[in-house]
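Some notes on the structure that comes next.
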Amino acid sequence: MLSKAWREELWSVGGLLAVLWLLGLQAGLSGWLVPVGLIVYLLWHLYHLLRVARWLDRSSKRLPLNTPGIWGYVYYRLEERRRKAKSGKKRIGRLLKEFKTSTRALPDATIVLNRDFHIQWLNKAAKNLLGVRKTDAGQPITNLIRHPELQQYLVAKEFEKPLYLQFRVDIHLSLRVVPYGKQQYLLLVRDVTELHRIEQMRRDFIANASHELRTPLSVLQGSLEQLETGIGDTSELRKPLARMKRQGQRMMSILQDLLTLARLESRHEGDQPQSVSLTVMLEDIMEEARAASEQLGGHRFHLDIEEQISVSGQREDLYASTSNLVMNAVRYTPAGGDITVMLKRVPGGARFEVTDTGAGIQPQHLARLTERFYRIDTGRSREAGGTGLGLSIVKHVLERYDSRLEISSQPGAGSTFAFTLAEKYLEESGQRVVSSAREVS
Ligand code: ADP
């Protein structure tokens, strides 16, 4: 379209100049009319340039679209652009209005934050839930929700998981940060006080029920012991009594594991971390493991343990997690199999690994092993004295140390259960004194 307008313009100017030249010749003015025509043509352009400049200043003025030649084309294009920009602006305005209306209606507090996490915009729920006012716009969000955990969460910028906070004494919040656009963030805050209360009730119920059941069970176990010593060696009651004792012992182990889980699930802000030597702790665990192994026909143990790896944490928790992994290897590896226990410093922390040459685990079970009471072979687990809660305890303990259980297994060949504790939990650097490939059968 531009080329057509341009061609027309050139033809008109060319034609006009030719006519002026001929007229000039006829009137005896030789070529004088041509420069006069050029000056008029120049003035015409200057006039339209001025119009465009004025229009750019105040685009509200309408442009003369019916102007002939190249200027008609220029005016048409400018007008078209203005129309498009106007409708785009209207559409964005409408979208913004819809966004504001819908977020205003959201029951969750919604706050728009800029790249420095300063408040840009907030909805009504945010005002009600957090007590934020319109005048707080521009302030950092951490001034309004004063919590060191929020500060760390925002600095770390790991927003895949929500953050749970206690806001004031009686309000529990779940916070989600959604990055969008050019370093803008949408902060979604939900009141989860009720959910938190129900969750707490569930935990308390399990803990209380386990606690309450423990006492009568201990009495029953004591009575069974008494009965056992009271009857003769040949009594036909021996077998059922032994069965009852075994089942009682199983129930006690389940209750103990449930209590451990309940304790791990409730936060212990007041718990003072202790200095726990993993190396020394592992010696106790290995003693237990050897005793259990002997009862099952014996295994070959290989130890690769660095001395002096100490952790700042809770001994009970660390003991529960490491001993569960070692005891599982003993339980699920046939007699004569190999069990390797490794504790080493690695870049970024300390790694603990238990490898066995047991039956291994089919891949479809791997993701579910840490669920409560999930067992691949229930009969086998029971027979081996398992509660189905061991790996769940391990998972909970490791979560407290920002770590996670890594399981790799080859069915028929064996399994490896491992975790890494980050440097920040370690107390002093390890010294490599290894009791490698020490065999105990
Ligand atoms: P359990 O008390 O039954 O051992 P856990 O939570 O400790 O419960 O383990 C869950 C299940 O994972 C076990 O029942 C067992 O089937 C499987 N498992 C755990 N450790 C091993 C292992 N080293 N080799 C093979 N299977 C294992």
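Taking N as the residue count of region 272-439, its C-alpha radius of gyration divided by 2.2 N^0.38 Å amounts to 0.99. Looking only at Lys424, Lys90, Lys245, which one moves most when the chain is put into a Gaussian network model with springs between Cα atoms under 10 Å? Between Lys424, Lys90, Lys245, it is Lys90 that shows the largest mean-square fluctuation. Comparing Pro148, Pro363, Pro64 in a Gaussian network model of the chain where C-alpha atoms under 10 Å apart are linked, the largest mean-square fluctuation is found at Pro64.
Label positions at Arg168 and Gln249, each projected 7 Å from the Cα along the C-beta direction, are separated by 5.5 nm. Here is what passes the span test in the chain: the DSSP H helices with alpha carbon length of 24 Å or more along the helix axis and a Kyte-Doolittle mean of 1.0 or above are 33-57. If R0 is 41 Å, the Cβ-Cβ spacing of Arg197 and Arg62 corresponds to a FRET efficiency of close to 0.05. In this label model, Val40 and Lys127 are separated by 6.8 nm, measuring between points 7 Å along each Cα→Cβ vector.
Using only the Cα atoms, work out Rg/Rh for the chain, with Rh taken as the Kirkwood radius, to two decimals.
Ratio of gyration radius to Kirkwood radius: 1.35.
Remark on region 58-135: Rg and Dmax equal 21.2, 64 Å (Cα only). Projected label points at Gln364 and Ser30, each 7 Å from Cα along the beta carbon direction, are separated by 10.6 nanometres. Computed extension gain for Glu212 through Trp11, at 0.36 nm per residue and net of the alpha carbon distance, reaches 61.9 nm. In order along region 380-385, phi translates into HN-Hα couplings of 5, 4, 5, 4, 7, x Hz, rounded to whole numbers, per the Karplus curve 6.51 cos²θ - 1.76 cosθ + 1.60 with θ = phi - 60° and x for Gly and Pro. Under 17 Å from a point placed 7 Å out from the Cα of Ala242 along the Cα-to-Cβ direction: which residues of region 373-396 have their backbone N that close? Under 17 Å, as judged by backbone N against the label point of Ala242, lie 383-385 of region 373-396.
Values quoted throughout were computed directly from the atomic coordinates according to the rules given, and no laboratory measurement underlies them. Computed from a prediction, not measured in an experiment: that's the story for all the values here. Note that we place each Cβ from the backbone using ideal geometry, even for glycine, and neighbour counts take in every protein chain shown.
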